[in-house]
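The structure appears below as structure tokens.
Each reported figure results from applying straightforward, stated rules to the coordinates on display, with no laboratory input. This structure is a prediction, so every number in the text was calculated from the model and none was measured. Positions of Cβ are backbone-derived with ideal geometry, glycine not excepted, and every protein chain shown enters the neighbour counts.
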Amino acid sequence: MVKLAANLSMLFNEYEFLDRFEMAARSGFQGVEYTFPYEYPIDDLKHALSEAKVSQVLHNLPPGNWSSGDRGIACDPSRQSEFHDSVEATIEYATALNCQIVNCLAGLTPEGFSSEEINQTLIENLRYAGEKLRSAGIQ
């Protein structure tokens, strides 16, 4: 049987974000996902999950500054330290929310670097994230 999760970044937008968990449950979903949990306190998210009796099944690593056009930072050679910090934030949130799957946005091609530098940075960052996430029990 197929299991579907409600993407709260896309669904129930007529409701405040933390109210969408309950709307997902009322609509028959047992799991939820959304893009970025980091603007909400962990305790608020845990409460929303618990009250709605739904599971957190996925969220993304921090994308950088979304409002400034970032769509991930994993491929940017000038932001490797920031990416490493974002992995730590991801582990904190995913562990607290009992979320075992996360998604990494590679990002847009940064200017001023060769394709080789960008590709190598992405590979290094994905390896770093993979090791850290795996040791925390997160895929």
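Matching residues to (1) surrounded by fewer than 17 Cβ atoms within 10 Å (Cβ to Cβ); (2) out of contact with any strand residue (DSSP E or B) (no Cβ under 6 Å at 6 or more places or on another chain):
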residue: LYS3; (1), (2): yes, yes
residue: LEU8; (1), (2): no, no
residue: ARG20; (1), (2): no, yes
residue: ALA24; (1), (2): no, no
residue: GLY28; (1), (2): yes, yes
residue: ILE42; (1), (2): yes, yes
residue: ALA48; (1), (2): no, yes
residue: ASN60; (1), (2): no, no
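Looking at (1) more than 30 Å from MET1 (Cα to Cα); (2) in contact with a strand residue (DSSP E or B) (Cβ under 6 Å, 6 or more places away or on another chain); (3) β-branched (Val, Ile, Thr), which is the only condition THR121 fails? Only one criterion in (1) more than 30 Å from MET1 (Cα to Cα); (2) in contact with a strand residue (DSSP E or B) (Cβ under 6 Å, 6 or more places away or on another chain); (3) β-branched (Val, Ile, Thr) is unmet by THR121, namely (2).
Of all the criteria given as (1) farther than 24 Å from ALA129 by Cβ; (2) part of a loop (DSSP other than H, G, I, E, B); (3) among the charged types (D, E, K, R); (4) without any contact (Cβ under 8 Å) to a residue 12 or more places away in the chain, the one not satisfied by GLU39 is (1).
The residue that is farthest from PRO62 (Cα to Cα), among those in the range 20-36 that are of a type in the set (D, E, K, R) and touching a residue at least 12 places away in the same chain (Cβ under 8 Å), is GLU22. Look through the range 67-109, keep the residues that are surrounded by fewer than 17 Cβ atoms within 10 Å (Cβ to Cβ) and at positive phi, and return whichever of them is farthest from the chain's Cα centre (by Cα). Selected residue: GLY69.
Just checking, how many residues over the range 42-81 are assigned to a loop (DSSP other than H, G, I, E, B) and of a type in the set (D, E, K, R)?
Step one: filter the range 42-81 for residues assigned to a loop (DSSP other than H, G, I, E, B), giving 53-54, 61-65, 69-71, 73-76.
So of that shortlist, the ones also of a type in the set (D, E, K, R) come out as 53, 70-71, 76.
Result for the range 42-81: 4.
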